[in-house]
Amino acid sequence: MKSLFSDEFSKRALNFYNKVVNLLVILTVPIILVTLVMAIFIILYDLRLFTAYVVEGQLKVEHEEAFKLLIKNILNFFVLIELFRVFLDVIEYKRIRKRQMLEAGIVFVVREIVIAMFEHRFHYTDLIGYAVLLIALGVTYVLMEKSWIDFVKTTMGKGKEGES
């Protein structure tokens, strides 16, 4: 049993874990790039549909549906970008940054609000829920920024006092 708790075993296990994580990252990055490129092509295709309905003077219902689809896919693209920023930070810093997770959450909630408005499916309970969620995410984000600024100020202040 001693061999499981030895330093050598821990180093080997950590080394193996790091190699597996690096392999997964290497396999995931091309998938992310393909997903972003596909999202751009979907947006361009929806834009083509929208302009075709406008130019050809199709029915107003189809025009509105094409516009809703275009807006939904553009908002999906923004959510994808935020999630991929989080993933790239995981690759670069080997940790998840809470601030960027909050940003992704805020973008996702705003996306849901906009989609609900375009589809005219807003109930007052939904509005209250979204408001509470946005307030919670916003307050958390502001408090994290404030604590980070205070941390930087105290760190910089200590460095300057040591130099004098």
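Derivation of every value follows stated rules applied to the coordinates shown; laboratory data play no part. Here the structure is a predicted model, which is why all the values come from computation and not from measurement. Here the Cβ is made from the backbone with ideal geometry for all residues, glycine too, and neighbour counts use every protein chain on show.
Worth a mention:
- Mean residue ellipticity, 222 nm, helices only, the chain: the sum of -39500 (n - 2.57) across DSSP H runs of n ≥ 4, divided by residue count and rounded to 500, is -32500 deg cm²/dmol.
- Ranked by how many other beta carbons lie within 10 Å on average, peptides 103-113, 131-141 from highest: 103-113, 131-141
- For the range 79-118, a simple Cβ point-charge model (Lys and Arg +1, Asp and Glu -1, everything else neutral) yields a dipole of about 200 debye relative to the Cα centre.
- If the segment from D150 to Y124 were pulled out straight at 0.36 nm per residue, it would be longer than the present Cα-Cα gap by 5.5 nm.
- Charge dipole (Cα centre; +1 on Lys/Arg Cβ, -1 on Asp/Glu Cβ; no other charges) of the chain amounts to roughly 720 debye.
- Stokes-Einstein D for the chain, Kirkwood Rh over Cα pairs, 37 °C, 0.692 mPa s (µm²/s): 161 µm²/s
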